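So the structure is just underneath, and the comments pick up after that.
What follows is calculated from the coordinates using simple rules that are stated; it is not laboratory data. Fair warning: this is a prediction, and the values are worked out from it, not measured in the lab. Neighbour counts are summed over all protein chains in view; Cβ atoms, including those assigned to glycine, are modelled from backbone coordinates with ideal geometry.
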Amino acid sequence: MMSRTMAEAQLPHRVDGPKLVENNQQFSAQIDSSVLSRLNDAVDRCLAPVSCVLSFDRDEERHRVLKGSCSTRVSMVCQRCLEPVEVRVESQFSLGLVFNDEQAKQLPRRLEPVEVDENGILDLWSVIEDEVLLALPMFPTHEASECQMRQPEPENKPGNEKRPNPFDVLAQLKQK
């Protein structure tokens with residue numbers, strides 16, 4: 001099943017996780033970012049497909065593991081100038097495939113649990129979308145040299161002249 005490298009292919013939506021682990025399956029593929037509704041809701045626009053490199057395997061403790069990386073480009077609103085900013089989003093992850101909460105509790109801390117259904121089916125697109133969403137910056141901004149942030153210019157209003165400090169009187173009394 002799917003033994004070829006799929007650099008040009010679309011990543012399968014749902015897969016048999018335990019079977020892929022037993023076959024030490026690897027993928028290099030893409031997901032059309034326009035079908036990832038939660039990602040589209042979180043950004044202004046998706047600018048590129050989500051590229052993934054995935055490996056299903058067992059670790060040294062015999063846990064079923066999905067290791068991988070994903071990347072894409074999105075447009076978000078710069079939080080300084082409120083103009084669009086292109087953001088490169090990258091994530092690397094190690095996930096432990098589990099069937100239930102009890103198995104999830106048995107995983108070492110280095111593995112984040114991902115639950116497969118009772119038949120071992122994993123919604124791969126959802127997992128990748130989660131990883132991309134977690135990698136989005138909380139406050140996207142342009143580089144400081146590129147940002148068009150407009151600083152308000154100080155206004156010379158009649159009330160802006162220097163006012164006397166009310167504590168100057170106390171400072172004078174202290175000096176006496």
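Laid out as a table, the results:
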{"quantity": "Largest-first ellipsoid semi-axes for the range 59-152, taking √(5λ) over the Cα gyration tensor eigenvalues, angstrom", "calculated": "38, 12, 11"}
{"quantity": "Residues GLU102, GLU83 arranged by fewest to most Cβ contacts within 10 Å", "calculated": "GLU102, GLU83"}
{"quantity": "Ascending count of other beta-carbon atoms within 10 Å, so fewest first, for VAL77, VAL50", "calculated": "VAL77, VAL50"}
{"quantity": "Lys, Arg +1 and Asp, Glu -1 on Cβ, resulting dipole of the chain about Cα centre, debye, nearest 20", "calculated": "920 debye"}
{"quantity": "Long-range lysine pairs (8 or more apart or interchain), the chain, Cα under 28 Å", "calculated": "5"}
{"quantity": "Alpha-carbon spread of the chain, three principal axes, descending order, Å", "calculated": "88, 38, 24"}
{"quantity": "Pairwise label distance in nanometres, LEU173 with GLU61, each label 7 Å out on the Cα-Cβ vector", "calculated": "6.9 nm"}
